[in-house]
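Visitor: Dropping a structure here in structure tokens format, bear with me for questions.
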């Protein structure tokens, strides 16, 4: 019984050995001129010229004729990955290019249509201005309480001559805040325009239709960095719009010593958000000029140019954080002049009335 069971197993093993020997055996074509072939010289068999041979001159096996499946899989994977990354890069490139080429270019300037000239911004500013005018009465009453209880609340007011200029200046700034903000934005746009037109550093290299995986990855990193810069500039524009809307209430906070901290926060944030763009545009212009100079960057180092472009974009995004909190109060000088001149005018009027 056991010998009967072993017979199929032995037959299967023998068949497997024969199959492997046939597959791995070299395919040798008959030579009609060979005496051992047993065939006449006029045989119609294939000639040696049609014999598949390897690079070493020996007859090729079936395994050598077939492609390496591992290398084939690697090649296919690289091509698919390059195609996917290239598609993502082209999509990001189109988004950034559309913003740079549009009239609402908020990267190199602050567009009026998206800030003080926008209808929604103006309407909301009018609502907040009406609220500020209504709150002016409450602030006047609190200022009177500060004068009465100045010795107990620690206020810096000492007499009515200093309170009146504060109330007048606060009401004036609250009702004309949009005009003053427009002057600041226009001044920033003029500074940015004086820098001149330019493309982003290494922007021309980001449109190279390369098929190398490393090149596509580097270009994709560059485009992602430029997209992050675009998002930062868009957030800056949104912040400027919010500051424009709340400007009447913020500037009215100059009147009371208890709320002057909010007014300082608004002015430092607004002037920082507006004029920091000029420094960023200046950094982009400098980087683009240096990267396009052949004496600085050789012409045959496109990959290095893309790396340097990434560095310039990253430094540009760091500029707002470097200068945050160090721009100071934009209206300090205006306050000083208005307060002192108003107090002297009231003192002069009081002295003439007393004589």
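Visitor: Return the total of residues in region 194-204 being under 20 Å from the mean Cα position of the chain (by Cα), in a loop (DSSP other than H, G, I, E, B) and either at pLDDT 85 or above or over 11 Å from residue 307 (Cα atoms) (or both). Can you show your working first?
Guide: At the first step, the residues of region 194-204 found to be under 20 Å from the mean Cα position of the chain (by Cα) are 197-204.
Next, from what is left, pick out any that are in a loop (DSSP other than H, G, I, E, B): 197-203.
If we keep only those that are either at pLDDT 85 or above or over 11 Å from residue 307 (Cα atoms) (or both) too, we end up with 197-201, 203.
Count: 6.
Visitor: Here are some residues: 255, 274. Which one is within 20 Å of residue 318 (Cβ to Cβ), buried (at least 22 other Cβ atoms within 10 Å of the Cβ) and in contact with a helix residue (DSSP H, G or I) (Cβ under 7 Å, 6 or more places away or on another chain)? Spell out how you get there, then give the answer.
Guide: Details: 255 fails: within 20 Å of residue 318 (Cβ to Cβ).
Checking each option against the conditions leaves just 274.
Visitor: A further question on this structure: When you look at residue 210, is it part of a loop (DSSP other than H, G, I, E, B), touching a helix residue (DSSP H, G or I) at 6+ places or on another chain (Cβ under 9 Å), surrounded by fewer than 17 Cβ atoms within 10 Å (Cβ to Cβ) and at pLDDT below 90, yes or no?
Guide: Values: part of a loop (DSSP other than H, G, I, E, B): yes; touching a helix residue (DSSP H, G or I) at 6+ places or on another chain (Cβ under 9 Å): yes; surrounded by fewer than 17 Cβ atoms within 10 Å (Cβ to Cβ): yes; at pLDDT below 90: yes.
Yes: the conditions hold for residue 210.
Visitor: Could you say which residue among 185, 224 is assigned to a helix (DSSP H, G or I), modelled with pLDDT of 80 or more, surrounded by fewer than 17 Cβ atoms within 10 Å (Cβ to Cβ) and out of contact with any strand residue (DSSP E or B) (no Cβ under 7 Å at 6 or more places or on another chain)? Give the derivation first.
Guide: Details: 185 fails: surrounded by fewer than 17 Cβ atoms within 10 Å (Cβ to Cβ).
Step by step, each of 185, 224 is checked, and only 224 is assigned to a helix (DSSP H, G or I), modelled with pLDDT of 80 or more, surrounded by fewer than 17 Cβ atoms within 10 Å (Cβ to Cβ) and out of contact with any strand residue (DSSP E or B) (no Cβ under 7 Å at 6 or more places or on another chain).
Visitor: Residue by residue through region 88-121, note down the ones that are part of a helix (DSSP H, G or I) and under 30 Å from residue 175 (Cα atoms).
Guide: Of region 88-121, the ones part of a helix (DSSP H, G or I) are 88-100, 112-114, 119-121.
The answer is 112, 113, 114, 119, 120, 121.
Visitor: Does residue 265 satisfy the criteria of being surrounded by fewer than 16 Cβ atoms within 10 Å (Cβ to Cβ) and modelled with pLDDT of 90 or more? Before you say what the answer is, go through the steps one by one.
Guide: Details: surrounded by fewer than 16 Cβ atoms within 10 Å (Cβ to Cβ): yes; modelled with pLDDT of 90 or more: yes.
Against the criterion (surrounded by fewer than 16 Cβ atoms within 10 Å (Cβ to Cβ) and modelled with pLDDT of 90 or more), residue 265 qualifies.
Visitor: Mind listing whichever residues of region 96-107 are surrounded by 12 or more Cβ atoms within 10 Å (Cβ to Cβ) and out of contact with any helix residue (DSSP H, G or I) (no Cβ under 7 Å at 6 or more places or on another chain)?
Guide: Across region 96-107, the qualifying residues are 97, 100.
Visitor: Moving on to the next point. Quick one: count up the residues across region 205-240 that are more than 20 Å from the chain's Cα centre (by Cα) and under 20 Å from residue 185 (Cα atoms).
Guide: The number of residues fulfilling the criteria is 0.
Visitor: Right, another one. Taking the conditions exactly as written (in contact with a helix residue (DSSP H, G or I) (Cβ under 8 Å, 6 or more places away or on another chain), surrounded by fewer than 18 Cβ atoms within 10 Å (Cβ to Cβ) and in a helix (DSSP H, G or I)), does residue 124 satisfy them or not?
Guide: On the way: in contact with a helix residue (DSSP H, G or I) (Cβ under 8 Å, 6 or more places away or on another chain): yes; surrounded by fewer than 18 Cβ atoms within 10 Å (Cβ to Cβ): yes; in a helix (DSSP H, G or I): yes.
Yes.
Visitor: Could you run through region 237-262 and say how many residues are in a helix (DSSP H, G or I) and either at pLDDT 85 or above or in contact with a strand residue (DSSP E or B) (Cβ under 6 Å, 6 or more places away or on another chain) (or both)? Before the answer, list the steps.
Guide: We begin by selecting, within region 237-262, every residue in a helix (DSSP H, G or I); these are 237-245, 247-252, 260-262.
Filter again for either at pLDDT 85 or above or in contact with a strand residue (DSSP E or B) (Cβ under 6 Å, 6 or more places away or on another chain) (or both), leaving 237-245, 247-252, 261-262.
Qualifying residue count, region 237-262: 17.
Visitor: Being at pLDDT 70 or above and farther than 29 Å from residue 178 by Cα is the filter here, so list the residues in region 148-165 that pass it.
Guide: At the first step, the residues of region 148-165 found to be at pLDDT 70 or above are 148, 163-165.
The one that is at pLDDT 70 or above and farther than 29 Å from residue 178 by Cα: 148.
Visitor: Being touching a residue at least 60 places away in the same chain (Cβ under 8 Å) and surrounded by fewer than 23 Cβ atoms within 10 Å (Cβ to Cβ) is the filter here, so list the residues in region 234-251 that pass it.
Guide: If the condition is that a residue be touching a residue at least 60 places away in the same chain (Cβ under 8 Å) and surrounded by fewer than 23 Cβ atoms within 10 Å (Cβ to Cβ), then 234, 236, 237, 241, 243, 245, 246, 249 are the ones that fit.
The values are calculated or read from the model by the stated rules, or taken from the named source; none is laboratory data. What you are looking at is a predicted structure, and each value in this text was computed from that prediction instead of being measured. So basically every Cβ, Gly included, is an ideal-geometry build from the backbone, and we count neighbours across all protein chains shown.
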